[in-house]
1. Specify the residue that is nearest to LEU92 (Cα to Cα); the eligible residues are those in the range 147-185 that are of a type in the set (S, T, N, Q) and surrounded by 12 or more Cβ atoms within 10 Å (Cβ to Cβ).
2. If you check ALA119 against the conditions, is it aliphatic (A, V, I, L, M), crowded, with 21+ Cβ neighbours inside 10 Å and in contact with a Cys (Cβ under 7 Å, 6 or more places away or on another chain)?
3. So which of THR283, THR246 ends up being out of contact with any His (no Cβ under 9 Å at 6 or more places or on another chain), under 30 Å from THR118 (Cβ atoms) and modelled with pLDDT under 90?
4. Before we move on, is THR124 out of contact with any Ser or Thr (no Cβ under 9 Å at 6 or more places or on another chain), over 19 Å from VAL173 (Cα atoms) and not in a helix (DSSP H, G or I)?
5. State all residues of the range 192-217 that are more than 25 Å from ARG178 (Cβ to Cβ), modelled with pLDDT of 75 or more and outside any loop (DSSP other than H, G, I, E, B); if no residue qualifies, say none.
6. Suppose we filter the range 286-315 for residues that are open to solvent by less than 80 Å² (accessible area, probe 1.4 Å), modelled with pLDDT under 90 and not in a helix (DSSP H, G or I); how many remain?
7. Would you point out which residue out of ALA182, ALA120 is under 30 Å from THR246 (Cβ atoms) and among the aliphatic types (A, V, I, L, M)?
Amino acid sequence: VGLIIANDLQVFDAKMEISTLRLFEAMIPHKVRVIGLSQTALANCNDIACFLGICPESTNSVYNFVFPGNNDVEVVSFSRRCEDVCMEQTILNIIMKHLPYNKVAVILVTMKKDVLTTAAGLKTRVMRTNNPMMWRQKSESVFETQDANVGLMLEYGIGIIHSGLSKYDCDIVKTCVRLREARILVISIDLADSIRLKPHLLVVKGTEMFDAKEDGLDVPVPKLTNEMYSCSSSWQKAFILTQDSTNILYKSYFEGGLSVESQLLPVLPESLNNEIVAGAINTRDSAVDSGCKEESRKLVTTLVDKSLVSLKSAGCIRENSGFLHATVLGSLVSFYNLSHSTIKYLSTNLSSHTNLQDLVVLMCKCDEFRSLCKKDEDKQLMK
């Protein structure tokens, strides 16, 4: 092996991938070149290099040149109470204002069930205007579709595509949009890379996706960016409709200088443990000062104290006269990139009498095992 290329780092579980590379390090007797490709900037590329044993002099970070610079993204937020009611009217207002004649607008929705409801809401609202057929150019066309809803929406120049449609209906919708017989396309975000169109306007309706473990889960910003540009990079204007709670995040990412979405909070104890093991942090104050602005000091102090308590209970660190020291368990967590809860669970339950079957059960109950992607049939088998 002379070259390792890791593509689409922005959608990888970086913790798992980097740990895998480190495990293979001992199997490769000679030096190799590692190239990581990401559609968003990596804020910690030097830390990753050090973890892999690469000296800073051999590391080179080349910034992103893929996305065109003439795209304009605007973030619009709503309160959860009026979200569903206001979004469709806002979408209509955006289309009326920003969509030129003979151009196409694509509306991305995060859940399949919202495709039809969004299209139906737009149809109802455009019927109340002075020109209900404004999104159609050939009003005499007749559409013979397998799904009646597809034909009904196409009569008003609105195309719909989701995973439940037949290929026949999807092809009809794509053809109509290409010929400008329909100038509005509502599509689920997971199919965005399949349409091969050049829309002038792009609207993302909502940033929440369905998750079986939680009521609503926000689409990660890198994934959302990837889907927006997978749909097309030719759009001139894009609007992201989101909730008030995530407004600042999306504005910072698309309208400011934030290069990556922060995923620090869930792994803050592990991050602090790594710094303590390396000797970069040796007191509570230095832990707070390591990544804190003055206006957020109170919040960061609370988070750091909570993380240090978790590390102490896991046996990863000890505190002596105000100074923090790493233990053997803490060093193991840092070297193998484990969760502190995993080392706590294993150190509590492992014994000299643990047999192979018990060891497999213990491994299956670790956090790292829970985070692995599993098929539905695998989940049923493990119950």
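1. To start, the set of residues in the range 147-185 that are of a type in the set (S, T, N, Q) comprises 149, 163, 166, 175.
The next check asks that each one be surrounded by 12 or more Cβ atoms within 10 Å (Cβ to Cβ); those that pass are 149, 166, 175.
On the way: ASN149: 20, SER166: 28, THR175: 23 Å.
So, considering only residues that are of a type in the set (S, T, N, Q) and surrounded by 12 or more Cβ atoms within 10 Å (Cβ to Cβ), the one nearest to LEU92 (Cα to Cα) is ASN149.
2. No, not satisfied.
3. Values: THR283 fails: under 30 Å from THR118 (Cβ atoms).
After applying the criteria, what remains is THR246.
4. no
5. Scanning the range 192-217 gives a single hit, GLU208.
6. Here the count works out to 2.
7. On the way: ALA182 fails: under 30 Å from THR246 (Cβ atoms).
Going through ALA182, ALA120 in turn, the sole match is ALA120.
The values are calculated or read from the model by the stated rules, or taken from the named source; none is laboratory data. Values in this document were obtained by computation on a predicted structure and should not be read as measured data. Cβ atoms come from the backbone with ideal geometry, glycine included; neighbour counts cover every protein chain shown. These accessible areas exclude ligands, DNA and RNA; they are computed on the full protein's heavy atoms, side chains included. Shrake-Rupley method; radii C 1.70, N 1.55, O 1.52, S 1.80 Å.
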